[in-house]
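No lab work stands behind these numbers, since they all come straight from the coordinates. Quantities reported herein were computed from a predicted structural model and do not represent experimental measurements. Cβ placement follows ideal geometry from the backbone for every residue including glycine, while neighbour counts extend to all protein chains displayed.
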């Protein structure tokens, strides 16, 4: 079954689906995101959120871990069988395992509660920049059996399309464009995720682990103390 990709909205207005049972928080975010130019829809439980995320046209899903009816991890696991819509997980502060599990299940990013709404807006816009094509889209790039097509925002392996999240695609693109050379975690975080690297942030490592599993090879090598290298064969 082909995975659905988010479609673009008129006038480049991003549609965001908030899945969170905290009505006070969602009311605040609807107001804040609306003032920032986003169209916002809300679901307050897991099953409803999954149905809306799967069947409606949204460019971003903001998904809480703790939900009634179906927790956020189960929602994400099921959603990734149906769609590649970018997902930002909301996790409890200090729960590193929740963040890692979310990324391993296919989340594009995470944000710990409580958070500043301005940071949420910045994270959403960073994901959108990875989706929106630049004025001059780079040409397709092939390294070995892997081909990345920026115009279609697609990756193929042996001619078959790989189902990657937005962040996995961005990390792989940076590695392929620097194939044969070491890319630091700082560079990957800045160029792929659009934010400064923090030594406590495991996002890059988890995205690389997911890419290795999906590529089914050891082409992405760890260079201790330096970063990652996509090996030329």
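Looking across 119, 27, one residue alone is touching a strand residue (DSSP E or B) at 6+ places or on another chain (Cβ under 8 Å), without any contact (Cβ under 8 Å) to a residue 40 or more places away in the chain and surrounded by fewer than 16 Cβ atoms within 10 Å (Cβ to Cβ). It is 119. Any chance the range 114-132 includes a residue that's over 15 Å from the mean Cα position of the chain (by Cα) and on the phi > 0 side of the Ramachandran plot? No, the conditions are met nowhere in the range 114-132.
Filtered by the rule that a residue be farther than 15 Å from residue 211 by Cβ and touching a strand residue (DSSP E or B) at 6+ places or on another chain (Cβ under 6 Å), the range 156-192 gives 182, 184. Determine whether the range 130-137 contains at least one residue that is surrounded by 15 or more Cβ atoms within 10 Å (Cβ to Cβ) and within 30 Å of residue 35 (Cβ to Cβ). Checking the range 130-137: at least one residue is surrounded by 15 or more Cβ atoms within 10 Å (Cβ to Cβ) and within 30 Å of residue 35 (Cβ to Cβ).
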